[in-house]
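Working notes, beginning with the structure itself.
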Amino acid sequence: MPALNAPLEEVTVAEAAFVVATAFTSEAGAARFGWLTVPLARLAEAAAAGLDAVHVRTPVTGLELGAEDEVRAVRTPEGTLACDALVLALPPNRLARVLGDPERFDLGAVRDFVARPIVDVHLWHDAGRLGFGFAALLEAPVQWVFEKAPGYLCCSLSNAGSLVHRPEAELVRTCWEVVVERLPGLRGARLRRGAATRNPEATYAPAHGVRRPGPATRLPNLALAGSWTATGWPDTMESAVRSGRAAARHLVARWSGGAGSARRPRSEGGVAVG
Ligand SMILES: Cc1cc2nc3c(=O)[nH]c(=O)nc-3n(C[C@H](O)[C@H](O)[C@H](O)COP(=O)(O)OP(=O)(O)OC[C@H]3O[C@@H](n4cnc5c(N)ncnc54)[C@H](O)[C@@H]3O)c2cc1C
């Protein structure tokens, strides 16, 4: 359920089979869990170090197309930024907004993706270090618990459609009761403080019958990426990485010639706008 961020009743047989088969019938280590010990921002910073420029807090508002129906530039509130090729790695609803008229790009289906929420509940307690790092809870509204620091737990609640609009105090109380019951080190502990962070659009799933688009678009130098695109993986970080690589491969293949090939780039540099 957390792998797909959805209740079993809402997932397709193919999605469920993918998770079970990938985790349990592929290589021996496939069901291992990995979790970050540094903030996500460190990963973004490492990736940004290889780029020519990074424009943060700079939303792309539209595209400028050339005579051959190629993307020439992206529009931002700070002005236009010229590009040889573009990867749009946006959530489907933002992509629809940037394209303005997704049907014109043969991407009308991007409007038919359903957002699924995830809620994180942060608990600060007086029991000090519990020493488990990461725990999975079965048959509980909380699936993962991370010990982020001595006295600080972060609880992750997937498939949180019924929880995302609950009052913070209720979310904190529910999670505290669950962890006190499940984690022996918390017996007798006192909750010092709690907080909830909600992401109503944590992952996206296509509406029934809708196909996830691949990296190719009608435009020769425009590729799509994003964890919700057709990577074969559910909407996860793994899928996001795979989609980015697929988008890059697609553009490189286009530059290498063949029907509908794109013009070679003027430079090898990369710019991120977001
Ligand atoms: C709380 C939470 C917990 C999760 N837990 C897990 C987990 O344990 N394991 C896992 O694999 N996945 C997890 N996920 C899902 C995972 O984070 C996503 O699948 C993944 O980050 C999606 O990557 P992405 O690059 O496609 O999109 P995003 O990471 O959403 O990136 C899209 C970017 O586009 C930017 N943007 C939007 N509009 C514009 C615009 N107009 N112009 C420019 N930029 C724009 C946004 O600011 C954003 O930075 C979790 C998600 C959440 C929210």
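Only the coordinates and a few stated rules stand behind these numbers; no lab work does. In this text, all values refer to a predicted model and were calculated from it rather than measured experimentally. Please note: Cβ atoms are built from the backbone with ideal geometry, for glycine as well, and neighbour counts cover all protein chains shown.
One table, with the values for the structure above:
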| quantity | calculated |
| --- | --- |
| Protection-proxy order for peptides 231-242, 76-87, each taking the mean of Cβ atoms within 10 Å per residue, highest first | 231-242, 76-87 |
| Column: log10 I(q)/I(0), Debye, Cα scatterers of region 115-205, q = 0.11, 0.12, 0.16 Å⁻¹ | -0.28, -0.33, -0.58 |
| Cα gyration tensor shape of region 1-53, rounded if a/c is under 1.5, else prolate or oblate by comparing a/b with b/c | prolate |
| Calculated SAXS-style log₁₀ I(q)/I(0) at q = 0.09, 0.12, 0.21 Å⁻¹ - region 119-274, Debye, Cα scatterers | -0.48, -0.69, -1.24 |
| Pairwise FRET efficiency - Leu8 versus Glu181, Cβ, R0 = 22 Å, nearest 0.05 | 0.40 |
| Packing-based ranking, highest mean first, of 191-197, 36-42 given that Cβ atoms within 10 Å are counted | 191-197, 36-42 |
| Rg(Cα) / (2.2 N^0.38 Å) computed for the chain, rounded to two decimals | 1.16 |
| Net charge over other residues, Cβ less than 11 angstrom from the Cβ of Thr203 (K, R count +1; D, E count -1) | -1 |
| Ala136/Ala46 FRET efficiency (R0 30 Å; Cβ-Cβ; nearest 0.05) | 0.60 |
